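Readers should treat all values here as calculations from the given coordinates under stated rules, not as data from a laboratory. The model shown is predicted, which means the values in this text are computed figures rather than measured ones. Positions of Cβ are backbone-derived with ideal geometry, glycine not excepted, and every protein chain shown enters the neighbour counts.
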Amino acid sequence: MANGRTLGVVAYVIAEPQEVTPQQCLKSAADLYASFGIEIDCKSIFPAPLEWFKRLQVGFCTLGNPLTSAHRLELFSLRPGADALDAALYFVASTNPDFRGCAQHPDDRPGAVISAKATRWTAAHEIGHILGLSHSNYPNALMTYSTRGIAGKPKCNSGEIEKIRLSKWLV
Ligand SMILES: [Zn+2]
């Protein structure tokens, strides 16, 4: 059960994002979560030039519902170097439908997909979903529908911070 304050992350770079590097994206996430009292332990960033997954069919992206995309299930079954509770972040070229990121994942395999349209806050946003958060209507919220519009440091309210601290993925 939840008791720790650390989320392990392993990233797989199938395609590089256009505006940020995976390293910058994960550093932004780690810095932000540190301010919430949560450590993002980025264990490894692996190059993973897997052409088959570059343009990922994600199907419906509805958090909390089972994955409907065989393509994405196949990708999420690949998580070398990741422990059971680590979040696997897959950087792909694009998703169909066209998302910046999507954190719907199998119940026993925490993770998210991040497309090449990622902003510096996309990893932090998707990690928010993995840790249990849903969307916010507040434009500068970390969990805003579009991280593109965030000015300055994204915000989480105290309720959201409470919630992520209870995540079962923290060790
Ligand atoms: Zn989202």
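Charged neighbours of W52, selected by a Cβ distance under 15 Å, balance to +1 (K, R count +1; D, E count -1).
Remark on G111: its backbone amide H falls under 5 Å from those of A88, a criterion applied only to residues 5 or more positions apart or on other chains, H modelled at 1.01 Å from N.
Each principal axis of the Cα atoms in the range 39-171 has its own extent, and those three values, largest first, are 39, 31, 27 angstrom. Based on Cα contacts under 8 Å between residues 6+ apart, the chain shows a relative contact order of 28 percent.
Taking θ as phi - 60° and the Karplus parameters 6.51, -1.76 and 1.60, the scalar couplings of the range 35-52 work out to 6, 9, x, 10, 8, 9, 9, 7, 6, 8, 10, 9, x, 9, x, 9, 3, 4 Hz in sequence order, x denoting glycine and proline.
Non-local amide H neighbours of T6 (under 5 Å, H modeled in plane, Pro and chain starts lacking H): which ones? Result for T6 returns E39, V171. By the helix-only formula, in which each DSSP H run with n ≥ 4 contributes -39500 (n - 2.57) and the sum is divided by residues, the chain has a 222 nm mean residue ellipticity of -6500 deg cm²/dmol.
Expressed to the nearest 5 percent, the antiparallel share of DSSP beta bridges inside the chain is 10 percent. Scanning residues 5 or more positions from T144 or on other chains, those with amide H under 5 Å from its amide H are S136, with H placed 1.01 Å from N in the peptide plane. Sequentially through the range 142-149, phi angles give Karplus couplings (6.51, -1.76, 1.60; θ = phi - 60°) of 4, 9, 4, 5, 10, 5, 4, x Hz, Gly and Pro residues having no value and appearing as x.
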